[in-house]
Structures are given as C-alpha cells and as structure tokens.
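One structure is given below, encoded as structure tokens.
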Amino acid sequence: MPFAFEYFGFVTMSWFEIGMLLCFGASWPFSIRKMLITKSSEGKSFIFLYLLLIGYLCGILHKVLYHCDAVVFLYMLNFLMVLADTLLCYYYRLQASDFRLRVSKKDTKSETGSRKPGA
C-alpha cells in the first residue's frame, strides 16, 4: 500500500460508517432545496436539528482525537449541511414572524380607523 493511503486512514476506514454518512448526507440537499423553494420551515424541529449537530460534532471530535481518517470529511460535510438547514429554518421563521407582526399591526390600525366618532 502506498504511504498516502495509510496516512489518510484509507486502510482502516469503516466502509459501513462511510455508507451511513453518505446515505444521511444524500438527504440533506433535498431538505435544503425544499426549504429554499417553499420558503417555509414548517415541520422542522430545532431540537431535532440541534441533536443532529451535536451528534455530528461528537463524530468529528472522535475522529480527530482518537481515530483520524478521511471519514472525518464526511462528518464535516454533513455537519455543514445540517447547519445550513438550521440557519435557513431560523431565517424563514423570523421572516414569517415578522410578516405576522406587520399583518397584526395593519389589522389593528384598520380596526381603530373604521370606528366613527360619537357612534
């Protein structure tokens, strides 16, 4: 085996771990794309996304500290995609709450303006 393969951990990688990360990683672009198209974060749970971020961070730390191999890049890629999904959720939820606030202010103004004095 060439030295580069051993240095980057290609010899000792777990192919099952690679398969798992590739399958999980393949789903995140679809989720991000759907949110960009619909501009809605309905049905997304921040607790779920936070748990995923913590899980991927733990995987990265384990790889870096105890068993460094090339699989760490898949963990990092998945972490970045979940982070992007989380940030999009924040963005669209803030946008939706801002819209609801503007609509409620407009409704309040129209209700007070429609009353006739002395009636």
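The values are calculated or read from the model by the stated rules, or taken from the named source; none is laboratory data. Treat the numbers as computed from the prediction; the structure is a model and nothing was measured. All Cβ positions, glycine included, derive from the backbone under ideal geometry; neighbour counts span all protein chains shown.
At a glance:
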read-out: Scope segment 34-62; condition farther than 19 Å from C23 by Cα, surrounded by 12 or more Cβ atoms within 10 Å (Cβ to Cβ), of a type outside the set (S, T, Y) and in contact (Cβ under 8 Å) with a residue 12 or more places away in the chain; matching residues; value: M35, K44, F46
read-out: Residue match in segment 62-78 (condition: at pLDDT 95 or above and within 11 Å of the chain's Cα centre (by Cα)); value: yes
read-out: Some residue of segment 9-22 being touching a Ser or Thr at 6+ places or on another chain (Cβ under 6 Å) and modelled with pLDDT of 90 or more; value: no
